[in-house]
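Participant: Sending over a structure as structure tokens; questions will come in a sec.
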Amino acid sequence: MLEVALHNPRQHKQFRGGPGPLVLARTGHKSALWTAADRVVNSSDSFIEIVPQRTGVSLALAGCEAECVCGRTCDRAGKCQLRLPASFTIGDTRFEITLGNRALTGRQLQRLSNDKRDLRDRKSSAAGPSPDTLSRWFAALSSLNHWATSLQQLYVQAARCAVEAIGLDGGIVLRRRSDDWEIAASYLPHPELGIRCDVAALEELLATPQTLFHGASDSEASDGSAIVLSPLRNAAGELAGAVYGYRSVRAGNARRNIRYLEAHMIELLAGAVSEGIARIERETETDRRRVLLEHAALANCNEGPVEMVTDEREVTMLFADLRNSTALSTALDPNETYELMSQVTECLTAAVIEHDGLIIDYYGDGLAAMWNAPADQSDHAELACRAALRMLQSLPEISADWAHVIETELQLGIGVHTGMAHVGNTGSRHRTKYGPRGTNVNLTSRIEAATKQLGIPLLVTKATASRLSNCIAVHRVCRAKMPGFDESVDLYSLGSPTSDAAVTNAWQAYGAALERFEQGRMQEAASVLETIDANVREVPARFLATHLQQELCRQLQRRSTDVSAKTASGIITLAMK
């Protein structure tokens, strides 16, 4: 299994490939980004296929052959063989590839001791940092929380502090998301010295959350990087991420390790970041409550009802609904129905809260939530989609608990959309309720309802899908005209990245069939659809096959109502709410 890291001025990503080939695609032009190939891509992209081999990897490039610099003479077809660990650049992006189970260095990590007796006994032949260095360290730490007004800004400044103030070669801030490590920010003024995080060290930190570092040891002269990492915690005291720094062991650099005092400074930096995380979390929660509390207080005065200020802003909205709830209610007695709905609602609510969302409202068998209001959230689309995926991951556990009562598995329908909305009082002058209003709210509701007709649990619009990271697999489903809306929308399915070849092949075949369908090449589309494994439930092949057959019949004009011109656009009309 391969570990692949990439870095350029616009992004820093690290992800683990499966046993098969890993394909990356470059999207955009002026602000080009590299993503997994099975997510949303534009036309005229460049591709890299990384194939594991017994002694290394083989690269196959398309559209970027002339930009590749790998230290080898590649043929004109854009193919070459590299031994691991491997590094190469394409344009301004540096890539590093290693085996996923191999640490960056064989050196053992030390645990930072806070025992005063241990500190007194510790001896060093080094002169230690100068007064100017110490002054710079503490000035940077003291001002850290004054810089940041958002988590992302806090992470960026912390990464810079590890390099510019403490003197390491690279600084990275990682966060825990969906039980995995994700690079939140980095400052690597010399990426040629290394861009990859040591996953083995991160897993050791997860097991023993305390500061770890490569200090003075018998292996001081070893090659590689000396690293230091310290845990970040949220307001609840839970592990939320890590500050990670490294020093390159190379010619011209006399320092072969992380000094004890430097490790302490990284620990203090992580503590300052943790305080910032807790502060911003509290401020965000305060912002969410403030609007309703202020107006509730005013309403209790003798001044009569007041108007809540309406704010027009971009939000990401999520609608979630439990499928077949009426049938379930009929099959269960009232107490069982109440208990089941309570468990489902708790599951949905936990997913929203865990991903910093705001519950708009509950209804009988579902809820509505939004992000980026009242407080700003730069990654609101990503947070909403992660919450949706968490809902789908949590529901099977409830199904298992009720398997002795309910014969079928519980199913959700979830719709997510990003757009402008008027956010404010959606209740009345006498009873306020904070939430969004506007056509985009209605569109989100229609998208949730469309999941039932398409036969898949989660749909998002292009406005949301285009903002997602490559940690989420995105697949285009169709272009649809929603009831009550004149403009069509592109719909996408979301999922976690998978190494299942059957699922990957099914989505590739579906994409090819959809492309032919939208071009009016119906017979070809039908032939491609027939190659999809019927056991792959993630792909809405039956939905597309049904509409494809309708278009074929319409082209034959067997009935007077059949109009072949409607097939030219490739837009599917969904005739339900």
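Participant: Collect the residues in the stretch 370-386 that are aliphatic (A, V, I, L, M) and either farther than 23 Å from ASN442 by Cβ or not assigned by TED's automatic domain parsing to the domain that holds GLY424 (or both), keeping them in residue-number order.
Facilitator: Within the stretch 370-386, just ALA375 meets the criteria.
Participant: Which residues, taken from the stretch 12-21, are within 22 Å of ARG177 (Cα to Cα) and modelled with pLDDT under 85?
Facilitator: PHE15, ARG16, GLY17, GLY18, listed by residue number.
Participant: Sticking with this structure for a sec: Just for the stretch 311-337: of the residues that are of a type in the set (Ser, Thr, Tyr) and surrounded by 13 or more Cβ atoms within 10 Å (Cβ to Cβ), which one is modelled with the highest pLDDT?
Facilitator: THR316
Participant: Another one. Hey, among the residues in the stretch 496-554 that are β-branched (Val, Ile, Thr) and crowded, with 17+ Cβ neighbours inside 10 Å, which one's farthest from ALA473 (Cα to Cα)?
Facilitator: Step by step, filter the stretch 496-554, then rank; the result is VAL528.
Participant: Also, I was wondering about something else. Out of THR89, THR105, THR35, I need the residue that is part of a strand (DSSP E or B), surrounded by 14 or more Cβ atoms within 10 Å (Cβ to Cβ), at pLDDT below 85 and hydroxyl-bearing (Ser, Thr, Tyr). Which one?
Facilitator: One residue alone meets the criteria, THR35.
Participant: Kindly establish whether THR326 is within 18 Å of GLU409 (Cα to Cα) and β-branched (Val, Ile, Thr).
Facilitator: In short, yes.
Participant: Note down all Cβ pairs under 8 Å where the first residue falls in the stretch 179-192 and is free of Cβ contacts under 8 Å to residues at least 40 places away in the same chain and not assigned by TED's automatic domain parsing to the domain that holds ARG386, the second is surrounded by fewer than 20 Cβ atoms within 10 Å (Cβ to Cβ) and among the acidic types (Asp, Glu), and they're at least six residues apart or on different chains.
Facilitator: Partner pairs satisfying both residue conditions: TYR187/GLU164.
Participant: Within the stretch 367-395, which residues are in a strand (DSSP E or B) and in contact (Cβ under 8 Å) with a residue 60 or more places away in the chain?
Facilitator: ALA368, MET370
Participant: Then there is this: Within the stretch 70-79, can one find any residue that is modelled with pLDDT of 80 or more and not assigned by TED's automatic domain parsing to the domain that holds VAL156?
Facilitator: The answer is yes; a qualifying residue exists.
Participant: Still on this model: Can you find a residue in the stretch 183-196 that is more than 30 Å from VAL57 (Cα to Cα) and modelled with pLDDT under 90?
Facilitator: no
Participant: Filter the stretch 156-191 down to the residues that are under 20 Å from the mean Cα position of the chain (by Cα) and not aliphatic (A, V, I, L, M) and list them by number.
Facilitator: Selection gives ARG175, ARG176, ARG177, SER178, ASP179, ASP180, TRP181, GLU182, SER186.
Participant: Only one residue in VAL163, VAL173 is assigned to a helix (DSSP H, G or I), β-branched (Val, Ile, Thr) and either surrounded by 14 or more Cβ atoms within 10 Å (Cβ to Cβ) or at pLDDT 80 or above (or both). Which one?
Facilitator: Going through VAL163, VAL173 in turn, just one is assigned to a helix (DSSP H, G or I), β-branched (Val, Ile, Thr) and either surrounded by 14 or more Cβ atoms within 10 Å (Cβ to Cβ) or at pLDDT 80 or above (or both): VAL163.
Participant: Any idea which residue in the stretch 447-472 is farthest from LEU348 (Cα to Cα), counting only those that are in a helix (DSSP H, G or I) and either among the β-branched types (Val, Ile, Thr) or not assigned by TED's automatic domain parsing to the domain that holds ARG386 (or both)?
Facilitator: So, considering only residues that are in a helix (DSSP H, G or I) and either among the β-branched types (Val, Ile, Thr) or not assigned by TED's automatic domain parsing to the domain that holds ARG386 (or both), the one farthest from LEU348 (Cα to Cα) is THR464.
Participant: If you check every pair at least six apart or on different chains, which have Cβ atoms under 6 Å apart with a residue in the stretch 506-533 that is within 18 Å of ALA480 (Cα to Cα) and of a type outside the set (Lys, Arg) first and a residue that is modelled with pLDDT of 95 or more and not in a helix (DSSP H, G or I) second?
Facilitator: Filtered contacts from the stretch 506-533: no entries.
Participant: Report yes if ALA320 is in contact with an Asp or Glu (Cβ under 8 Å, 6 or more places away or on another chain), assigned to a loop (DSSP other than H, G, I, E, B) and closer than 22 Å to LEU443 by Cα, otherwise no.
Facilitator: No: the conditions fail for ALA320.
Participant: Has the stretch 437-446 got any residue that is in a strand (DSSP E or B), more than 30 Å from VAL4 (Cα to Cα) and in contact with a His (Cβ under 7 Å, 6 or more places away or on another chain)?
Facilitator: Yes, there is a match, as at least one residue in the stretch 437-446 is in a strand (DSSP E or B), more than 30 Å from VAL4 (Cα to Cα) and in contact with a His (Cβ under 7 Å, 6 or more places away or on another chain).
Participant: Taking the stretch 149-160, which residues are surrounded by 21 or more Cβ atoms within 10 Å (Cβ to Cβ) and either among the β-branched types (Val, Ile, Thr) or modelled with pLDDT of 90 or more (or both)?
Facilitator: Hits for the stretch 149-160 are ALA158, ALA159.
Participant: GLU397: assigned by TED's automatic domain parsing to the domain that holds LEU458 and farther than 20 Å from ASP321 by Cβ, yes or no?
Facilitator: No.
The values are calculated or read from the model by the stated rules, or taken from the named source; none is laboratory data. Everything numeric in this text was worked out from a predicted model, so none of it was measured. Cβ sites come from the backbone with ideal geometry, for glycine too, and all protein chains shown count toward neighbours.
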